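Every number here is computed from the coordinates shown, using simple stated rules; none is lab data. A quick note: this is a predicted structure, and the numbers were derived from the prediction, not measured. Note that each Cβ is placed from the backbone with ideal geometry, even for glycine, and that neighbours are counted across all protein chains shown.
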Amino acid sequence: MNIDFSTYKILVVDDIPTNTLLLQMMLEQSGLTVFTAQSAEEAVALVAEEHPDLILLDVLMPGTDGFALAKQLKAHPEHQKIPIIFLTALNSSSDIVKGFQMGADDYITKPFNKEELLARVRHQLTLLEAKRTIQLQKTELEHTIAGRDALYSVIAHDLRMPMSTMKMILNVLNIQMKEEKSYSPEILESIQHANEISEQLFRLLDNLLKWTKSQLGKLKPFMQPFCLAELTTAEVETASILAASKNISIRFESSSKEETEVEVDIDMIKTVMRNLISNAIKYSYRASEIDVVLERENDEVIYKVIDRGCGISEEDQRKLLDLGTQHSTYGTENEPGSGLGLLLINNFLELNNGRLFFHSKEKEGSTFGFALPAIKKSSTDRN
């Protein structure tokens, strides 16, 4: 790291004028800017006025000694990050330990060697430069991430409406063409394919928008009691339309409605269900079956989506919730994926006091599900 030490300011504090003069000469000969003070009071005033980058501080001074001054500076929010090197004739272990306890960053005993002094000063300034560089990079990175998230939010929001309209139009065309039966199979197949792609894009944009809002802290759960069995029935019916494109049947079995009551943000849990079922469809083979199971276990309502698809290797399972990896694979018919859905699911479940679970075996299928706290019924409710 190439550092221009001449840009740094050093404050030398010693009650003996000859000592401060000697130190000033040594440091200025090395290109450093130096200020001197003969007392703690004078030092405090110079620190506030000049904002030095490093302080060389004598311990044995009349009135407020170096230990007390260091403690005072380290207690001040604006001065506590200034490195301090103690210069003292005290060399016992207890004195050295006390110096570090008062906030010293280094300790040089008198009489000192010029080369050692300069080496320790440069070392502290190098550490200081590194800290400032890291802080600057951290700030720049935070601004970059904030800008990226804001851009994602704008893109997803602005594309969501036209994408929703196109999806609706393609869906209507698909239904009408099937009913009229006056179009060639090739055109009908193309419309169906376009409809499937629009569904995938819409889910991706929807996930992207919600994920960005959650990362920006703009997505807060609105909790309300709801019967999960009713919600699941509606989501299974909607997903069956998508599953039909691969000739996949979805079977749903549930405990009684009363046993599946939870307190959740309905929109978030809908998103979780939608992603889990669509993932199962994507990774299932054509003409296979998917089971959606809803049951009560002790104080939890358990939701499971079970497919007989391609499954996931143990190595890939370890990457599923890794934000840095953002693992994604193609479906059984090369359906694309962003790797974002499962991260969004996990985030939404945490916001709703739930937990995600999954297990899978390659070439045999997967089970993905979640558990939510069940609403406890009082004895009067049960009667």
* **Degrees separating the helix 17-29 axis from the principal Cα axis of the chain, which is the longest one** => 50 degrees
* To do: Using amide H atoms built 1.01 Å from N in the peptide plane, name the residues 5+ places from THR36, or on other chains, whose amide H lies under 5 Å from its own.
  => VAL12
* **Karplus-derived 3J(HN,Hα), 6.51/-1.76/1.60, for each residue of the stretch 49-59, Hz, glycine and proline x** => 8, 9, 6, x, 8, 8, 10, 9, 10, 6, 8
* **Estimated D of the stretch 5-112 in µm² per second, where Rh is the Kirkwood radius over Cα pairs and Stokes-Einstein applies at 37 °C, 0.692 mPa s** => 240 µm²/s
* To do: Pop out the Kirkwood hydrodynamic radius of the stretch 220-383 from its pairwise C-alpha distances, inverse of mean 1/r, in Å to one decimal.
  => 16.3 Å
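Ranked from highest to lowest mean number of other Cβ atoms within 10 Å per residue, what is the order of the peptides 14-26, 301-313, 33-45, 130-142? Numbers along the way, then the final one.
Values: 14-26: 15.8, 301-313: 20.8, 33-45: 18.2, 130-142: 10.5.
Output ranking for 14-26, 301-313, 33-45, 130-142: 301-313, 33-45, 14-26, 130-142.
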* Structure fact -> If one compares the long axis through the Cα atoms of helix 114-180 with the longest principal axis of the Cα atoms of the chain, the angle in degrees, nearest 10, works out at 20 degrees
* Considering only ARG122, ARG251, ARG355, give the residue with the highest GNM mean-square fluctuation for the chain, with springs between Cα atoms whenever their separation is below 10 Å. => ARG122
* Nearest 10 degrees, 0 to 90: helix 228-244 Cα axis against the chain principal axis -> 70 degrees
* How do VAL59, VAL13 line up, fewest other C-beta atoms within 10 Å first? -> VAL59, VAL13
* To do: Based on a Kirkwood Rh over C-alpha pairs, give the Stokes-Einstein translational diffusion coefficient of the stretch 37-100 at 37 °C and viscosity 0.692 mPa s in µm²/s.
  => 273 µm²/s
* Cβ-based charge dipole, the stretch 220-383, positive-most Cα from ALA371, TYR285, PRO225 -> TYR285
* Structure fact -> Assertion target for TYR330, TYR107, ordered by fewest C-beta neighbours within 10 angstrom first, is TYR330, TYR107
* Structure fact -> Checked against the structure, the computed mean projected area of the Cα convex hull in nm² among [x] 21.6; [y] 18.6; [z] 30.9 is the one labelled [z]
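Let's test the formula: R0 of 45 Å, r as the Cβ-Cβ distance of PHE222 and GLU189. What FRET efficiency results, to the nearest 0.05? It would help to have the intermediate numbers written out before the result.
Working: r = 42 Å, r/R0 = 0.93.
Efficiency at R0 = 45 Å is approximately 0.60.
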* To do: Give the percent of DSSP beta bridges with both residues in the chain that are antiparallel, rounded to the nearest 5.
  => 55 percent
* Asked: Given only helices, namely DSSP H runs of n ≥ 4 each adding -39500 (n - 2.57), what is the per-residue ellipticity at 222 nm of the chain, to the nearest 500 deg cm²/dmol?
  -> -17000 deg cm²/dmol
* Asked: Of LYS114/LYS138; LYS138/LYS282; LYS246/LYS304; LYS178/LYS210; LYS181/LYS363, which pairs sit farther than 31 Å apart, going by alpha carbon to alpha carbon?
  -> LYS114/LYS138; LYS138/LYS282; LYS178/LYS210; LYS181/LYS363
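About the Cα centre of the chain, what is the dipole size in debye to 20, counting +1 per Lys and Arg Cβ and -1 per Asp and Glu Cβ, all else neutral?
Details: 40 positive and 56 negative charges, 97 e Å.
Approximately 460 debye in magnitude.
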* Positive minus negative residues near GLU295 (Lys, Arg vs Asp, Glu; Cβ under 10 Å) -> -2
